[in-house]
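These notes concern the structure reproduced below.
Quick note: the coordinates plus some simple rules give every number you see, no bench work behind them. Here the structure is a predicted model, which is why all the values come from computation and not from measurement. All Cβ positions, even for glycine, are placed from backbone atoms using ideal geometry, and neighbour counts span all protein chains on display.
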Amino acid sequence: MSKTSRTSITMPSSAKKGAIIEIRAIAQHDMESGFRYSEGGKLIPRDIIRVFTCTYNDVEVFKADFYPGIGANPLIIFTTIATETGTLEFKWSGDDGYEAINQAHIIVS
Amino acid sequence: MIEPTLTHQTSRRNWFKQLQSLGVLALGLWFSPLTAFAKKEDAAKAIQEITGGKLVQDGKVNLVIPPLVENGNLVVLKVSVDSPMTANDYVKAIHVIAEGNPLPNIFTAYLSPRSGSAKITTRVRLADSQTVWAIAQMNNGSFYRGSAETLVTLSACTELV
């Protein structure tokens, strides 16, 4: 049972070679911590995004492990060096077969 | 003749009331926050697992969270490490640990010289007023740490739906 959700990437579409660019990646997800109880007193099972990776022309440049301590709709802001024109691929994967992929292009001059 | 039975009834009622309050008290102790939240030892254990018992030096790591948080559900956390981020000297990973959360680990970010800078911003949950730690793992195997204290008025993680 795989599921997915909306994601969004904010980053510059062009940059000078060697410049440090800031990337903001957000995914729509409840990040159910697994520590909460429903009104009936039942423990709500954990359902979170576990791993976020960013690849730059198929080379991994950033990875993060998420735990229940990350808030709902996880936003992560990180940096990378603009090395060449190409595609950045972002991938979120988590519990219950959750997977979301987003891409962004960059022109490096 | 009626009066004695009345007092007898009220005293029994009182006794039941007392028993009930005792029960509530016992339940309260059972579900006390101490059992639900990680203690400092848990955070120390999580740090121990990351470092493998190596010495963690203070400095280099700068962790920013608001000193007063109204709602612990969404707290902006910024962490940066003072590093040139070159092929010979860079930050391999940043681990963020919260002492007062049910699970001390918050996130781990893996960086490389291609990151350019060691700066991460994200939004976290904080269950209680506490100290949050950031541990930076350098490429040469050394560890640095930084911390920030915060006051949380509305807790996250364990509230009812």
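Taking GluC sites (Glu not before Pro) as candidate sites, keep only those in a DSSP loop with at most 14 other Cβ atoms within 10 Å, then name the longest stretch of chain A containing none of them.
Segment A:40-83 is the longest.
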### Query
Pairs A:Lys16/B:Lys78; A:Lys42/B:Lys40; B:Lys54/B:Lys92; B:Lys60/B:Lys119: which are spaced more than 21 Å apart, C-alpha to C-alpha?
A:Lys16/B:Lys78; A:Lys42/B:Lys40
